[in-house]
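Step one of this worksheet: look at the structure below.
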Amino acid sequence: MALKTFGNLRYHPDENRWGLHDLKPHVCIKLKALFPKIGKGAIAPFFFQNTPEICHDLLWFIDRYPLAAADDDLDRLMDGRNQQRATVAALESILMPDYDPPMITLKPGFTPRNYQLQAARFDAVQKRWLCGDDLGLGKTLEAILALRNQAKLPALVCVQTHLPKQWKEEGIEKFTDLRTHIIKGTKPYSLPEADVYIIKYSCLSGWVDVFQTGFFKSVTFDEIQELRITGSDKYCAAKVLCENVEYVLGMSATPIYNYGDEIFNVLDLINPGCLGNLDDFLREWSGSWGRHAKINDPIALGSYLRDNYLFLRRTRAQVGRELPQVNKIVHTVGYDSGEVKKSQDIARQLAMKVIGGSFMERGQAARELDSLLRHQTGVSKAREVAAFVRILLDNNEPVLLAGWHRDVYDIWMAELQEFKPVMYTGSETPRQKELAKHAFITGETNLFIISLRSGVGLDGLQQRCKTVVIGELDWSPMVHTQLIGRVDREGQENQVTAYFPVSEFGSDPVIIDLLGLKSSQAHGIIDPLTAIPEQFSDESRIKLLAQSYLNNKL
């Protein structure tokens, strides 16, 4: 008896895609449920790109709902499925502890480590993935090793505003002979011949027409958390870029800054559809919809990402590059009651609107109150923070001091001017930032004032500094992690201490409470197999520094 079929399957060689034709209605419904990329309102025929993964899935589907197909087409499907199985087997082999990766030659004097070579080989096989290796393990070099794959050239590397020169001179040109060019501005021009092109995130939207041409074969997103929020021009341009390259590598030790739903935006950019559509993702993993959705089981999600080779992360302990645990000290400082009184009436009015206003008033008032209280908190404790930092500086301790508001910087600069502070914030040009970095590393100054979100990816400070002061808190714990990671990284010869001078007034108490939730979301997804580490805090150090300061002043 002939096998009953529910439609036809045909390979279309001109478009290199599969077509499902004449499907029965109930089969269409099941197909849309299993392949969320198909719109709910779409009608047959349905088309799929010819990839090994799609071949594997289609064979699985037609085993349940047989479709009429030519023998050659079935053979092609089975070849694709076998290729997919071989890929999974190769990835499993690469991640085995005894895997011996092929050597990739760098310039004389440089030899990559085994785990870095492993990541480069993983990239060659998987093609689209997120690298979340711990801060300071050399993700930049891993990406550079992956660029030695000729199939990825010409390549595009997307970086934050302050990092093009570091990537070019201290990265690609330091380790390889690959030709580089830093793309300037948002207006396209005739690009010179090169192997690797470096572009700032802020310039992406201007080059979207070039991205559509398929000129670039691969893209590497350094600090891809820049693209964790959809809807921006840079995210939309990155989406077009990813659709027109074969290889996409995202890099970040902190891909989640707030809540776990951000991981969907990052991974859907890298590998579209790998987590289904957003509604399905939120329904299954969160049970709620919209931004700031809390993942109900971050450990399960983190394990799923690893099991499907979408995310690869190695910790320092796993690769034998472990550094002493950061000594984190929360220190309560006083605040200027006069500064507080200046805006108390406004804050009270906003708070009342947040509680009892209309829907529109509540939203606007909440944003304004957040901004006001954070500014008020930072300014009111700024002199106390400066006095705290002075104790460190008077003990000849190089300090990385982080803040957010310009008014706060101004107070710090005035209070600590004798120490010749340099600044690395959103107001400085790339040239000025380079000069500030050089002055700090060479010992021209012991005080490096940095914006909370300006130093991601910055390297070299660990050569001289082991002390971080978070003078203003950020809502995201990953911002603090990134800042501490500027000095707590390979090349650091001492234990790092991070001080959190906090006020009992304003936004500090609320932010401290909320940071715990966000940390647990990020930790479960990024490190699902490890417990949240107990914070190490040795307060005796601050007492010794204070006593030393008093002794010097007496």
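Coordinate-derived values only; no laboratory data. A quick note: this is a predicted structure, and the numbers were derived from the prediction, not measured. With ideal geometry, Cβ positions are generated from the backbone for all residues, glycine too; neighbour counts draw on all protein chains shown.
In segment 24-102, one over the average inverse separation of all distinct C-alpha pairs is 14.5 Å, which is the Kirkwood hydrodynamic radius. Radius of gyration (Cα atoms) of segment 217-262, expressed as a multiple of 2.2 N^0.38 Å: 1.15. For segment 216-312, the Kirkwood hydrodynamic radius from C-alpha pairs, put into Stokes-Einstein at 10 °C and a viscosity of 1.306 mPa s, yields a diffusion coefficient of 116 µm² per second. Here the translational diffusion coefficient of segment 197-245 follows from Stokes-Einstein with Rh set to the Kirkwood radius across Cα pairs; for 25 °C and 0.890 mPa s it amounts to 226 µm²/s. Descending by average beta-carbon neighbour count within 10 Å, the peptides 89-102, 379-392 line up as 379-392, 89-102, the highest first. Around the amide H of S286, modelled in the peptide plane, lie the amide H atoms of N296, all under 5 Å away and 5 or more residues distant in sequence or on another chain.
Bridgeable aspartates and glutamates around K152 (alpha carbons under 12 Å apart, same-chain partners fewer than 8 residues away excluded): D123, D195, E246.
How big, on average over all directions, is the shadow cast by the Cα convex hull of segment 39-188, in nm²? Don't skip to the end; give the middle numbers.
On the way: hull surface 57.1 nm².
For the Cα atoms of segment 39-188, the hull's average projected area reads 14.3 nm².
Taking a ≥ b ≥ c as the square roots of the eigenvalues of the Cα gyration tensor, an a/c ratio of 1.5 or more together with a/b larger than b/c marks segment 160-249 as prolate.
Distance check, please: which entries in K30/K217; K234/K437; K139/K165 exceed 26 angstrom between their Cα atoms? Let's see the in-between values first.
Details: K30/K217 35 Å; K234/K437 28 Å; K139/K165 17 Å.
Over 26 Å Cα-Cα: K30/K217; K234/K437.
Per residue, the Cα convex hull of segment 5-69 amounts to 81 Å³.
Each Cα pair under 8 Å and six or more residues apart adds its sequence gap; the mean of these over the residue count of segment 52-135 is a relative contact order of 27 percent.
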